[in-house]
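A.B. asks: Dumping the structure here so I can ask a few things about it.
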Amino acid sequence: MKSQIPNEGQNSHSTVEVKSETIIEAPKVETSVTKPEASAEPKISAFSLSSIRKKKELEASAKSYVKPSSVLPTEEFTETEMLVEWNKYAQRLGDKGLKIMQSLLLINDPTLDGTVITLELPNEGSKLDFESQINGLLGHLKGHLHNHDITIQVKVNETIETKRSFNDQDRYNRLLEINPNIELLRSTFGLDLHT
């Protein structure tokens, strides 16, 4: 839209362009916020004893729900399959930096009797450390072996004897215990321990 406005004091006319804009407003959608209806129970402060009681009741009711065992898988598995998953879990713990738990898992090979896995540990301290992390191991084994009847039993055997070799004869006797064919090798080549 153009309009001409005469300037006072000048004989010339100047042209000024004026643009008009049309504003179209979108229809407003009104959202209604509904307030929760007041319940029959009085509102409980978060810092009161009754709120603590309510919280404990809620936690107890959440814990009381157990998934029916008829739904959980109970497939058969071998001791070899169990050991493979056991070692995979130990390796994963080592990668995460949990070296103590990894060494506890690898200190002894567990034995399998049905669905009961038995692990022998050298002392009570090791047993306590192991039992603090047992839920993660059980979850891994149950999930990867597809059997939710698996349980782990920990035995403490503090009478594990370690023999140390002090001289050549003791070392030779220890190697002879491990492999009796060492005597055949020694006699065949005429080897002597005092050289």
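A.B. asks: Determine which single condition residue 97 fails, assuming it passes every other condition in (1) farther than 27 Å from residue 159 by Cα; (2) in contact with a Ser or Thr (Cβ under 8 Å, 6 or more places away or on another chain).
C.D. replies: Against the list (1) farther than 27 Å from residue 159 by Cα; (2) in contact with a Ser or Thr (Cβ under 8 Å, 6 or more places away or on another chain), residue 97 comes up short only on (2).
A.B. asks: Which one of 156, 116 is open to solvent by 40 Å² or more (accessible area, probe 1.4 Å) and farther than 19 Å from residue 80 by Cβ?
C.D. replies: Exactly one of 156, 116 is open to solvent by 40 Å² or more (accessible area, probe 1.4 Å) and farther than 19 Å from residue 80 by Cβ, namely 156.
A.B. asks: Still on this structure: Cβ contacts < 6 Å: first residue more than 20 Å from residue 121 (Cβ to Cβ), restricted to the stretch 138-160; second residue of a type in the set (Lys, Arg) and surrounded by 12 or more Cβ atoms within 10 Å (Cβ to Cβ), any location; separation 6+ or different chain. Result?
C.D. replies: 148/142
A.B. asks: For the stretch 52-137, which helices (runs of 4 or more DSSP H) that fit wholly inside it have 2 or more residues that are in contact (Cβ under 8 Å) with a residue 60 or more places away in the chain?
C.D. replies: 79-96
The values are calculated or read from the model by the stated rules, or taken from the named source; none is laboratory data. Because the structure is a prediction, the values reported are computed rather than measured. Neighbour counts are summed over all protein chains in view; Cβ atoms, including those assigned to glycine, are modelled from backbone coordinates with ideal geometry. For accessibility, only protein heavy atoms count, side chains too; no ligands or nucleic acids. Shrake-Rupley method; radii C 1.70, N 1.55, O 1.52, S 1.80 Å.
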